[in-house]
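Taken together, the values in this text are just the output of simple stated rules run on the coordinates, not laboratory data. Remember, it's a predicted structure, so these values are computed and weren't measured experimentally. Cβ coordinates were reconstructed from backbone atoms using ideal geometry, including for glycine residues, and neighbour counts include every protein chain displayed.
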Amino acid sequence: MKLKRRQVSLFALACLAGLTFYAFKIKNAENPKTDKLKLQPGFKAEHIYSPSEHDLGSWVSMCFDDKGRMIASDQYGGLYRLTIPAIGSSDLTPEIEKIELPGTQGTIGTAHGLLYAFNSLFVMVNNRSTESLPQHSGFYQLKDTDGDDKYDQLKLLKQLKGNGEHGPHSIKLSPDGKSLYVIAGNYTDLPEQNAYRLPPTWAYDNLFPEIKDPRGHANDRMQPGGWVAKVDPATNEWELISAGYRNPFDLAFNDIGDLFVYDADMEWDFGLPWYRPTRICHATSGSEFGWRTGDGKWSPDFTDNLPAVINIGQGSPTNLLYLKEAKFPAKYKQSLLAFDWSFGIMHAIHLFPEGSSYSAKREEFLSGVPLPLTDGAIGPDGALYFLTGGRRLSSDLYRVYYEGPGVSEVETTVLTADNKLRREIEGYHMPKEGAVEAVWSYLNYQDKHVRYASRIALEHQPLQMWKAKALSEKNPVMKTQALLGLIRSTKDNTTLHSALAALNMVQTEGLGDQFVLDYLRTYEVLFSRISGLTEEEKKTLTKKLSPMFPAGKDLLDKELVKLLVFLDDPTVVAKTIKLIESSHKDVQAGGQTATSSADLILRNPQYGLDIAKMLEKVPPVNATYYAVALSEAKAGWTPALRDKYFKWYKKAFEYRGGNSYVGFIDKARKMALENVPENKREHYDQVSGGDMLTDSGNDLKMDEYPEGPGRNWQLDEASKALEAPLVNRDFYKGKNMFVATTCNRCHSMNGQGGNVGPDLTRIGTRFSKTDILEAILEPSNTVSDQYAATEFQLKSGESIIAKIISEKEDSYVVSQNPYAPDYLMEIKKNTVVSKKYSDVSVMLPGLVNSLNEEELKDLLAYLIAGGDENNKMFK
């Protein structure tokens with residue numbers, strides 16, 4: 001089906017963040033649904049079906065059965081079985097049947113995960129149960145018992161408590177074909193397991209001042225967070241494999257059986273030290289990845305959790321698959337394919353064995369704007385099939401296959417000696433004779449994953465078998481790892497105090513930074529779990545740790561400041577204030593990522609708006625960390641230090657971050673005020689910017705801030721609301737809304753405002769009220785080369801979406817951020833394969849969605865009047 005776009009004979013809006021009108025140009029496309037896809041050379045895409053156009057919902061999961069038919073699920077509806085014509089068929093229309101259950105069983109659907117195996121269809125239902133879809137969230141098995149090719153038996157294998165976008169998700173078959181692996185987000189309670197590869201001794205284990213999300217997200221969700229479990233389909237026994245994720249949406253095995261997980265970020269944490277990007281994790285036996293609610297997320301450098309294989313960046317993970325079975329060029333055969341819903345990108349993650357784990361490089365495999373990717377699979381024909389949709393969006397099914405040269409088999413991924421060693425040690429992730437002797441020496445191994453596996457193996461053994469050995473060990477590295485295992489394995493306070501005495505004897509001189517961090521982290525876990533620390537013990541610890549701070553390395557100083565605040569070190573405040581003053585802004589929250597934040601802005605302007613604002617005024621990540629760490633400090637304050645400290649908060653409110661940035665900073669500020677003498681609190685409340693905040697503390701006061709309530713304005717609704725003439729409008733409110741909706745960031749009115757886009761003073765003399773409304777609400781209806789973004793396809797396979805600012809002999813100078821147009825980058829011409837104007841307007845949508853009807857009217861009156869207060873529309 002070809003999409004049609006209405007031609008208009010006026011100038012239309014599409015500047016970076018405001019109103020610009022220009023001549024409309026139509027782009028002729030053979031098939032707009034495939035034309036928008038950016039593919040690697042040699043690949044071809046086919047659009048097969050649009051379920052939403054046939055009232056079959058928005059499809060979010062899929063699999064293939066034993067007869068090569070696809071089974072797909074509507075996010076809020078039933079299951080469908082498709083027989084799809086072969087590649088190159090003149091008619092690609094599939095045969096579709098809805099899967100119904102006999103008798104009173106009704107319909108099953110709302111599946112986030114589907115898998116056909118063991119002559120059964122396994123369904124991960126993610127649902128609150130309705131009359132038409134009675135199944136609650138849970139893991140179900142469908143069977144055809146009489147051979148008539150219709151499912152007639154439904155069995156609940158495990159009911160799960162949790163639903164929604166952080167509920168239960170995907171299912172994968174194990175490499176040996178004998179078991180199933182399931183994955184769930186952090187809003188899904190971990191059900192009781194028959195066995196635990198990760199010992200169930202998890203705790204918060206963080207001395208950083210605990211601040212839960214100020215907007216309430218996940219405030220009642222505790223560790224272990226999202227999880228992966230192995231299921232025996234014959235016995236229905238469950239074994240926890242890995243945990244500590246935020247919202248892991250999918251998992252995949254590579255060709256030698258290593259498991260990978262695609263975990264989500266928390267976009268409201270943008271710009272904050274505890275922000276963690278979307279990432280690919282190597283989910284080894286008993287692995288923990290450190291998600292904790294609010295600001296409690298663990299550093300990936302901590303020894304008791306594992307780092308990501310690769311940090312991808314901002315996005316919304318939906319699918320992960322391994323490409324071994326794809327009929328693709330050899331370079332993809334040992335790669336993962338990770339789907340991002342928000343920004344419409346398939347990331348090819350090329351894996352490289354490194355030690356007992358992997359490193360990775362990212363390549364853009366496929367993208368589109370917009371392209372809300374939901375699920376995908378390699379079909380029996382070796383082609384990639386994928387779905388778009390979700391959240392009731394328009395849904396489509398595509399097929400991508402390779403026509404070029406170079407399709408060949410590749411050798412199996414190398415099983416390194418360290419990988420083999422790690423697997424041998426993981427064989428002791430259960431009580432087993434001889435385990436302590438077998439793994440002990442590897443507590444000092446150079447590979448982190450091997451050290452981690454060795455400690456987990458110890459924790460599985462009866463404590464009396466290795467407690468004395470841990471307390472008496474002489475090697476400082478082995479002793480630290482063993483004591484960490486001991487601390488995690490006991491609730492006996494006497495044993496914890498023995499561990500403290502043993503840890504105090506460890507000498508760190510001459511050892512590397514990572515070991516020193518492991519040592520400090522072990523103290524943190526101990527302090528989080530021990531009770532009854534005496535003042536004498538605190539003084540001894542302070543005497544030992546205070547001279548180490550500052551170490552001159554953020555890796556260590558961030559850990560030391562927490563410990564010393566906990567110990568009431570009288571010198572920690574003055575030292576940390578100096579660190580705040582000297583911290584640089586060039587540290588990226590969450591660490592380096594494979595994608596550029598700026599490049600994502602124009603791929604999805606709705607989500608990109610938050611990124612654009614943050615990149616304009618990026619918060620100082622390390623300074624923020626140290627400031628929050630001091631919010632619980634009680635000792636060592638002077639009036640001068642308090643002045644410097646609380647003035648920092650006022651400055652911090654000038655930076656931009658995710659939706660929870662202001663609220664987190666304010667909560668830390670209020671915690672710090674609790675430690676100020678009562679007669680000084682009002683003074684420091686003002687010094688720290690308390691009067692800048694709304695009552696909730698989650699937002700800054702703005703003279704031009706909309707009163708709302710806003711709504712998702714649509715053109716028909718807005719046009720109806722503005723049918724009547726604009727009279728008795730409020731000029732100053734209209735002017736304030738011009739600022740609140742960020743029109744002034746790019747455009748001027750009567751000489752005031754930005755200069756990125758044209759002046760809007762005379763807009764009302766040229767265009768009607770309806771024209772202006774349409775340009776604001778539906779900017780992508782019309783796209784012109786004058787203000788359009790350009791899509792660059794590079795030789796590397798990457799694509800970049802940006803606005804060309806100027807052109808040099810050998811490069812294009814481009815801007816990717818409408819809120820920081822002066823931040824430019826160059827694209828060398830010899831790296832560009834092709835470029836074209838983007839079909840999607842660079843105007844950021846939804847800018848007026850915070851306005852109520854009266855505020856929208858005032859804004860339109862202000863625009864039409866050209867900012868003239870004396871216009872007859874104003875009272």
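Which whole-number percentage describes the relative contact order of the chain, with Cα contacts under 8 Å and a sequence gap of 6 or more? Write out the running numbers ahead of the final one.
Values: 1955 pairs, mean separation 107.5, N = 875.
It rounds to 12 percent for the chain.
How large is the direction-averaged shadow of the alpha-carbon convex hull of region 511-625, in nm²?
Values: hull surface 38.1 nm².
Mean projected area for region 511-625: 9.5 nm², to one decimal.
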Output the peptides 552-561, 633-642, 723-732, 198-207 sorted from most to least packed, where packing is the average of other Cβ atoms within 10 Å over each peptide's residues.
552-561, 198-207, 633-642, 723-732
Starting from 0.36 nm per residue, how many nanometres of slack lie between Glu707 and Ala203 once their C-alpha separation is accounted for?
177.2 nm
Using a cut-off of under 17 Å, list every residue of region 73-91 whose amide N is near the label point 7 Å from the Cα of Glu403 along the Cα-to-beta-carbon line.
86-91
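For Lys44 and Thr93 in the same chain, what is the full-extension length gain: residue separation times 0.36 nm, less their Cα-Cα distance, in nm? List each step's numbers first, then the result.
On the way: separation 49, 0.36 × 49 = 17.64 nm, distance 1.76 nm.
In short, 15.9 nm is gained.
What order do you get for 237-246, 519-528 when each peptide is scored by the mean count of other beta carbon atoms within 10 Å, highest first? Intermediate results must be reported in sequence, preceding the final value.
Working: 237-246: 24.1, 519-528: 22.0.
Result, highest mean Cβ count within 10 Å first: 237-246, 519-528.
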What per residue convex hull volume, in Å³, do the alpha-carbon atoms of the chain yield?
187
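Is there a quick way to get the dipole size of the chain? I mean about its Cα centre, with the Cβ of Lys and Arg at +1 and of Asp and Glu at -1; what is the value in debye to the nearest 20? Present the calculation step by step, with values, prior to reporting the outcome.
Values: 101 positive and 114 negative charges, 277 e Å.
Charge dipole of the chain: 1320 debye, to the nearest 20.
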Between Glu854 and Glu210, what is the label-to-label distance in nm when each label sits 7 Å out along the Cα-to-Cβ direction?
4.4
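Grab the Cα-Cα distance for Glu411 and Glu778, subtract it from 0.36 nm times how many residues apart they are, and report the gain in nm with one decimal.
Working: separation 367, 0.36 × 367 = 132.12 nm, distance 5.07 nm.
Net length gain for the segment: 127.0 nm.
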Unit-weight point scatterers at every alpha-carbon of region 658-716, Debye formula, q = 0.14, 0.20, 0.24 1/Å: log10 I(q)/I(0) is -0.50, -0.81, -1.01
Taking only DSSP H segments of four or more residues, each worth -39500 (n - 2.57), what value at 222 nm results for the chain once the sum is divided by all its residues, to the nearest 500 deg cm²/dmol?
-7000 deg cm²/dmol
For the chain, whose charge dipole is built from +1 on Lys and Arg Cβ atoms and -1 on Asp and Glu Cβ atoms, the candidate among Ala802, Gly216, Leu190 with its Cα farthest towards the positive end is Ala802
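Suppose R0 equals 56 Å; then what is the FRET efficiency for His54 and Glu433 from their Cβ-Cβ distance, rounded to the nearest 0.05? Mind showing how you got there, number by number?
Working: r = 61 Å, r/R0 = 1.09.
Using R0 = 56 Å, I get an efficiency of 0.35.
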What whole-number distance in Å separates the alpha-carbon centres of region 148-199 and region 326-400?
23
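With +1 assigned to the C-beta of every Lys and Arg and -1 to the C-beta of every Asp and Glu, and no other charges, what is the dipole magnitude of region 76-154 about the Cα centre in debye, to the nearest 20?
On the way: 5 positive and 10 negative charges, 77 e Å.
About 360 debye.
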Taking the Cα-to-Cβ direction at Glu674 and at Asp146 and moving 7 Å from each Cα, how far apart do the two end points lie in nm?
6.6
If you take the beta carbon distance between Gln588 and Leu700 as r and set R0 to 35 Å, what does 1/(1 + (r/R0)^6) give as a FRET efficiency, to the nearest 0.05?
0.90
At 7 Å along the Cα-to-beta-carbon direction for both Asp868 and Arg681, put a label point, then send me their distance in nm to one decimal.
5.5
Got a sec? Which residues in region 256-280 would a label at Leu555 touch, if it sits 7 Å along Cα→Cβ and we count backbone N under 20 Å?
273-277
